[in-house]
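The next block holds one structure in the form of C-alpha cells; read it before the comments.
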Amino acid sequence: MITEIAVYKPKEIESKWQNIWEKSQIYKAIDFDKRPKYYSLVMFPYPSGDLHMGHMRVYTISDVISRHRRMLGFNVLNPMGFDAFGLPAENAAIERKIPPKDWTLKNINHMKNDQLKRMGTSYDWGREVVSCNPDYYKWTQWLFLQFYKHGLAYQKEAPVNWCNKCQTVLANEQVEDGMCWRHDDTPVEKKKMRQWFLKITNYAEELLDDLDKLTGWPDRVKLMQKNWIGKSHGAELVFTVDESEDTCPRLQIPVYTTRPDTIYGVTYLVLAPEHSLVSGLTTKENKEIVEAYIKKASVLSEIERQSDSREKTGVPLGSYVINPYTGEKVPIWISDYALLDYGTGAVMGVPAHDIRDFEFAKKLKLDIKQVISIDGKESELKNAYTDPGIIVNSSQFNGLNSEDAKLKIIDYGEKEGFAKKRINYRLRDWLISRQRYWGCPIPIIYCEKCGIVPAPEENLPIVLPDNVEISGSGGSPLERAKDWVSVKCPKCNSDSKRETDTMDTFICSSFYYLRYSDATNDKEVFNKEKANYWLPVDQYVGGIEHAILHLLYSRFFTKAARDFGLVKIDEPFSNLLSQGMVTMFSPKTNKISKMSKSKGNVVGTSEFFDEYGADAARLFILFAAPPEQEVEWNKQGAIGQYRFLERIWRLFFILKEKAGLTVCDVRAFHEMPLHETPMEPPVRELYRVANYTIKSVSEDISDKKYIFNTGIARMTELVNCIYKIIQNKTSFTEIESKVLNFSITNLLKLLAPFAPHITEELWGMMGEKESIHLQKWPSFDEKALETDEVELVIQMGGKKIDVLKIKKGLPQKEIEAMAMSQEKVKIRMEGKELVKIVVVQDKIVNIVAR
RNA sequence: GCCCUUGUGGCGGAAUGGUAGACGCAACGGACUUAAAAUCCGUUGGUUUGUAUAAAGCCGUGCCAGUUCGAGUCUGGCCAAGGGCACCA
C-alpha cells in the first residue's frame with residue numbers, strides 16, 4: 001500500500017528546494033576555474049511587471065541547457081539581469097504618478113523573487129545587472145565616450161523617424177512597415193532634427209563577412225541580417241550639368257547604379273527632394289512647382305511615402321545633365337522615390353530596364369529607350385525588361401551580353417574619368433538619441449565657446465535627476481530639469497548645458513553580456529582577463545524578434561569594444577537558439593495568437609505553479625514542440641506532464657516499499673555495465689531501454705540538436721517500461737533490483753535539468769546528501785543496446801508485406817531464402833518472375849518481381 | 001513584387017532514403033470502487049471484406065510529375081499558410 005508520504009505536492013517541495021539552492025549557492029560561476037567554462041545566456045528581460053507562460057519558455061530552455069552543461073562538468077556562467085530603462089516606466093509614471101525608478105525597481109523585485117526563482121531557474125544572482133542603476137549606466141556612458149573618441153559617435157542634422165506616441169525619434173531598425181515598433185497603429189513621421197548617431201556602417205563589411213563564422217546560428221537569422229545590411233555592387237557614374245543653360249552653374253551629379261549596363265538607356269535623372277543641389281538647379285520658371293513639391297513630400301509620413309499602391313510623382317527642375325557616355329542631354333527631375341540617404345541621393349532614370357523608372361516615365365510621359373533585349377532586336381516594351389540580355393543601342397557595347405557589359409562599361413568610364421566601381425550598403429548609421437527621461441543620459445556638454453565637449457570620464461556617472469516632471473509631450477523631459485542641465489564647461493569653465501536626450505535602450509543591452517563577466521567592477525567596464533575567460537557566450541537563447549535589432553547592435557558593440565582594446569573576441573555569441581512564440585486562442589483576434597496582455601490571452605504562472613508545479617509547466621513547454629517552433633499553451637497537456645511526474649513519484653515509492661529498494665545501497669551499480677550478467681528477457685529489455693534512454697536523451701539535449709520534446713518522450717517510455725516490469729509483482733530478485741535501481745537513478749539524473757525540483761527531492765530521499773544538480777551526467781553501456789533478435793520487414797516492390805522476427809546478423813542468402821519461403825510472398829509471386837532482391841542487413845528485404 | 005520557412009490522425013507532434021503516426025492530449029473500453037474521482041491495463045489514420053470476439057485487403061504525410069528496389073524524407077512544377085525585406089536605384 002502506498003503510504004501518506006507518497007503524495008506529490010509540488011508547491012511544497014519546489015519552494016523548499018528553491019530556498020536551499022539559494023542558500024547553498026550551487027549555481028555560482030567561478031572566474032578562472034580549472035573546469036572548462038560554459039557561458040549560457042538568455043536575453044535579459046524588460047521588467048514590465050508580470051511574467052506569464054509566454055515568457056517562461058525562453059528561461060526554461062536556457063535553464064535546461066545550463067543545468068545539463070553543469071552536470072557535464074562545465075564551469076557554467078548563467079547570469080540574469082534586467083533591461084530596466086524604457087518607455088513603459090514613463091507611461092506608468094504619467095498614468096499612475098509613480099516615479100519610473102520606483103515602478104521599475106518594484107517590478108524587478110517581483111519578477112526576480114516571485115517569478116523567475118519560482119520557475120526553478122539556476123542563475124548566479126551575484127552577477128545581476130540592472131541597466132537603470134548608476135553603477136551600470138556609468139559604463140554605458142563610458143562606452144559612449146569611447147565611441148566618441150574613436151570617431152564612431154557623431155551628430156548630424158537629418159530627417160529622422162519620429163513616433164508621435166513615444167514622443168521620440170527611432171532608429172531605422174525600430175520602424176516596422178512604416179509604423180513604430182511599439183505602436184503598430186502609429187505611422188512614423190519624418191522630422192528634421194540634429195541627433196546623435198553611432199557609425200555602425202563602418203562595420204558593415206565585417207558584420208556581413210563574419211556571419212559566415214557564426215556556424216552555430218540559425219540560417220534564417222543570418223539571412224535576415226544579411227538582407228538588412230544589404231550589400232550591393234555597382235558603380236558611381238558622374239553626370240555633368242548642361243552648361244548651355246545660364247541659370248545653372250557647371251555642376252557634377254554622381255549617381256549610384258547597380259546597372260551600369262543600362263547607361264545608354266538613361267532618359268532623365270532624378271534627385272531626392274531633400275537633395276542639396278535641388279534649389280541651385282531649379283530654373284525660375286519651375287521654382288514654384290518645385291517648392292510646392294518639396295513641401296508636399298516633407299509632410300508625407302513614411303507609410304504614405306512607401307506605399308506601393310501610390311503612383312509615382314515628381315516635377316522637373318528645368319535644368320539638364322549630359323550623359324557622359326552618350327553626350328545626350330536629359331532632364332533633371334525630383335521625386336520622392338529617390339531616397340536622400342541611399343547611394344548619392346540621385347538616380348539615373350532607365351525606364352526600359354527598371355520597374356520604378358518605367359512607372360515614373362509612363363506617368364510623367366518621359367522617353368523610354370531600350371538598350372537590352374533578349375535576342376538583340378528591339379521590341380515594344382509593355383513593362384520594364386529587367387533580366388540580362390544582349391546590349392543594343394549602346395554604341396561600341398552593342399552585341400555584348402549585359403552581364404559582361406557591366407564591367408566593360410565601368411572600365412571605359414574609369415579611363416575617361418567619370419565612373420568608378422562602388423559598393424553600397426542598405427544599412428544606415430544607428431540613431432541613438434531619444435527625447436525621453438527614463439534612459440541613460442548622453443554624457444555630452446554644449447559650451448558656447450568650445451562647442452561639443454564630452455563629459456570627463458572621472459565625472460561619470462552623470463546621474464539621472466529625480467523629480468522630473470514627465471508629461472509625455474513637449475520635448476525631452478530633462479530639458480525641464482534646469483539645475484541638472486546647467487553645468488560648467490569642463491574645458492573653459494563657462495556656463496554650459498548638458499545634452500538632454502537620453503540613449504536608445506538598445507545601447508544598454510549591447511554590452512550587458514560582457515558586463516556579466518565582471519558585474520561588480522567599479523573601476524572598469526569589466527576586467528579584460530575575466531571577459532576573455534568567459535566570452536564568447538557559448539549558448540544564447542532569445543526571441544526571433546531580435547534577429548536584427550539587438551543581435552546586430554551587440555555584434556557591432558563587440559567589434560568596437562575589440563577595437564578599443566577591451567576584449568579579444570570578434571563575435572559575442574557562438575551559438576544562438578531562437579525560440580518560437582507561446583500562443584493561445586485570443587478572444588480579441590479570434591484566432592491563435594502570441595500570448596500577450598494586449599491580446600487578452602495570458603496565462604499567469606503562479607496559479608498553475610500553485611496547483612501543478614513549475615516542474616510540470618517546464619516539462620510541458622519543452623515537450624509540446626521543438627524549441628524553434630511555436631507552442632500553443634494547453635492546460636490539459638500541461639496536466640499530462642504533471643501526471644508523468646506523479647507517475648514517477650508513485651513509482652519511486654512503490655519500489656521503495658514493495659521491493660525495499662534504497663538506491664544508495666546499490667550505488668555501485670549506477671553506471672556499472674551489467675550486460676554480461678544473466679537476466680530474464682523482460683529485465684534484460686528494461687536494462688536495454690534504460691541505456692537507450694540515456695543515449696537518446698543525451699543526444700537530443702546536446703548542442704547539435706536541442707530537441708527536448710523527443711528527449712522527454714524517451715523518458716516517458718522508460719517509465720512506461722518500468723511499470724510493465726513491476727506489474728503484478730510483489731518482490732524482486734537481486735538482479736531485478738539492480739536493474740530497477742539503475743533505471744530509476746539514471747532517470748532522475750536525466751530528468752534533473754528538465755524538472756529540477758522533483759528530481760532533487762527524490763534524490764534526497766534516496767539518502768543522497770549532495771544535490772542531484774551537482775552529479776555527473778550519466779553514461780551508458782554500449783553493449784547493453786545490442787539485441788539478439790531484430791524485426792525483418794519483408795517488402796515486395798517497396799510495399800510492406802510482412803514482418804518477421806529473426807536472429808540478428810543472418811547471412812544475406814539465408815534472409816533471401818527465408819523471405820521467399822513466406823506464404824504471403826509465395827502467393828504474390830504466382831505467375832511472376834523474380835527480378836531482384838534487395839537486402840538491408842537486419843532491417844529489410846525487398847523482393848522485386850515482374 | 002523579391003527572399004526564406006512550413007504543410008503528417010480529432011489535436012500538439014515523432015520518423016540517419018528502409019515497418020508512417022513514437023510520446024502526449026482528447027475520446028472510448030476494461031480492472032479497482034457501493035459509486036464517482038484518481039490510479040493501473042488496453043483500444044484509437046481512413047476504408048472494404050469477414051467467422052464482425054482471431055483475421056485479411058486496399059488507400060493514406062497539401063497537389064502533380066520525376067529519381068530510386070524503396071520517397072513524409074531527394075529533384076522539378078503548382079497550391080496554401082507563416083515570416084523577413086520592400087521605391088535601397
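Details
- Contact annotation: residue pairs with Cβ atoms under 6 Å, 6 or more positions apart or on different chains, pairing a residue in the range A:838-850 that is in contact (Cβ under 8 Å) with a residue 12 or more places away in the chain and within 15 Å of A:ILE806 (Cβ to Cβ) with a partner that is near RNA strand B (Cβ under 8 Å from one of its atoms) and open to solvent by less than 50 Å² (accessible area, probe 1.4 Å), are A:ASP842/A:VAL790; A:ILE844/A:VAL793.
Quick grid of which residues meet (1) within 30 Å of A:SER24 (Cα to Cα); (2) of a type in the set (Gly, Ala, Ser):
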| residue | (1), (2) |
| --- | --- |
| A:LEU116 | yes, no |
| A:ARG127 | yes, no |
| A:LYS156 | no, no |
| A:GLY178 | no, yes |
| A:HIS183 | no, no |
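- Of all the residues in the range A:458-504, those that are open to solvent by 30 Å² or more (accessible area, probe 1.4 Å), in a loop (DSSP other than H, G, I, E, B) and in contact with a strand residue (DSSP E or B) (Cβ under 9 Å, 6 or more places away or on another chain) number 5.
- Residue, nearest to RNA strand B (Cβ to nearest atom), within the range A:655-679, restricted to residues that are among the basic types (Lys, Arg) and modelled with pLDDT under 70: A:LYS658
- Any hit, the range A:768-778, residues being β-branched (Val, Ile, Thr) and surrounded by fewer than 18 Cβ atoms within 10 Å (Cβ to Cβ): no
- Note on the range A:605-654: residues that are open to solvent by 10 Å² or more (accessible area, probe 1.4 Å), more than 8 Å from RNA strand B (Cβ to nearest atom) and touching a Gly at 6+ places or on another chain (Cβ under 6 Å) total 1.
- Number of positions in the range A:789-801 that are open to solvent by 40 Å² or more (accessible area, probe 1.4 Å) and in a strand (DSSP E or B): 4
- Subset of the range A:688-741 [farther than 26 Å from A:TRP217 by Cβ, charged (D, E, K, R) and in contact with a helix residue (DSSP H, G or I) (Cβ under 6 Å, 6 or more places away or on another chain)]: A:ARG688, A:ARG714, A:GLU736, A:LYS738
- The range A:353-375, subset among the acidic types (Asp, Glu) and either more than 10 Å from RNA strand B (Cβ to nearest atom) or surrounded by fewer than 14 Cβ atoms within 10 Å (Cβ to Cβ) (or both), residue nearest to A:LYS312 (Cα to Cα): A:ASP367
- Taking first residues from the range A:336-350 that are closer than 15 Å to A:ASN424 by Cα and partners that are near RNA strand B (Cβ under 6 Å from one of its atoms) and among the hydroxyl-bearing types (Ser, Thr, Tyr), the Cβ contacts under 6 Å between residues at least 6 apart in sequence or on separate chains come to A:GLY343/A:TYR256; A:THR344/A:TYR256.
- Unique match (being surrounded by 12 or more Cβ atoms within 10 Å (Cβ to Cβ), more than 16 Å from RNA strand B (Cβ to nearest atom), within 29 Å of A:PRO681 (Cα to Cα) and at pLDDT 90 or above) among A:LYS749, A:LYS738: A:LYS749
- Qualifying residue in the range A:376-385 (condition: open to solvent by 60 Å² or more (accessible area, probe 1.4 Å) and within 16 Å of RNA strand B (Cβ to nearest atom)): yes
- Among residues of the range A:318-352, those that are more than 37 Å from the chain's Cα centre (by Cα) and not acidic (Asp, Glu), counted: 21
- The strands (runs of 3 or more DSSP E) found entirely in the range A:340-447 that carry 1 or more residues being closer than 30 Å to A:PHE144 by Cβ are A:419-424, A:444-447.
- Members of the range A:325-352 found to be open to solvent by less than 40 Å² (accessible area, probe 1.4 Å), over 21 Å from A:ILE423 (Cβ atoms) and more than 6 Å from RNA strand B (Cβ to nearest atom), listed by number: A:TYR325, A:VAL330, A:PRO331, A:ILE332, A:TRP333, A:ILE334, A:SER335, A:GLY349, A:PRO351, A:ALA352
- Members of the range A:710-735 that are touching a residue at least 40 places away in the same chain (Cβ under 8 Å), open to solvent by 30 Å² or more (accessible area, probe 1.4 Å) and within 8 Å of RNA strand B (Cβ to nearest atom): A:THR716, A:TYR723, A:LYS724
- Whenever a residue of the range A:150-165 is in a strand (DSSP E or B), its partners that are among the β-branched types (Val, Ile, Thr) and open to solvent by 20 Å² or more (accessible area, probe 1.4 Å), lying with C-beta atoms within less than 9 angstrom and at least six residues away or across chains, give the pairs A:GLN155/A:ILE452; A:ASN161/A:VAL175; A:CYS163/A:VAL175.
- The requirement of being part of a helix (DSSP H, G or I), within 40 Å of the chain's Cα centre (by Cα) and within 16 Å of RNA strand B (Cβ to nearest atom) is fulfilled nowhere in the range A:765-783; no residue meets it.
- Some residue of the range A:543-564 being in contact with a Gly (Cβ under 7 Å, 6 or more places away or on another chain) and closer than 16 Å to A:GLY54 by Cα: no
- Here the strands (runs of 3 or more DSSP E) wholly within the range A:553-626 that include at least 2 residues being within 21 Å of A:TRP228 (Cβ to Cβ) and in contact (Cβ under 8 Å) with a residue 40 or more places away in the chain are A:576-579.
- Residues of the range A:167-184 classified as open to solvent by 10 Å² or more (accessible area, probe 1.4 Å) and either within 16 Å of RNA strand B (Cβ to nearest atom) or closer than 20 Å to A:LEU340 by Cβ (or both), total: 10
- Counting only strands (runs of 3 or more DSSP E) that sit wholly inside the range A:197-294, those with at least 3 residues that are away from RNA strand B (no atom under 13 Å from the Cβ), farther than 30 Å from A:GLY542 by Cα and open to solvent by less than 40 Å² (accessible area, probe 1.4 Å) are A:232-241.
The values are calculated or read from the model by the stated rules, or taken from the named source; none is laboratory data. Predicted model only: the values in this text are computed from it and were never measured. With ideal geometry, Cβ positions are generated from the backbone for all residues, glycine too; neighbour counts draw on all protein chains shown. When the accessible area is computed, the model is the full protein with side chains, heavy atoms only, and any ligands, DNA or RNA have been set aside. Shrake-Rupley method; radii C 1.70, N 1.55, O 1.52, S 1.80 Å.
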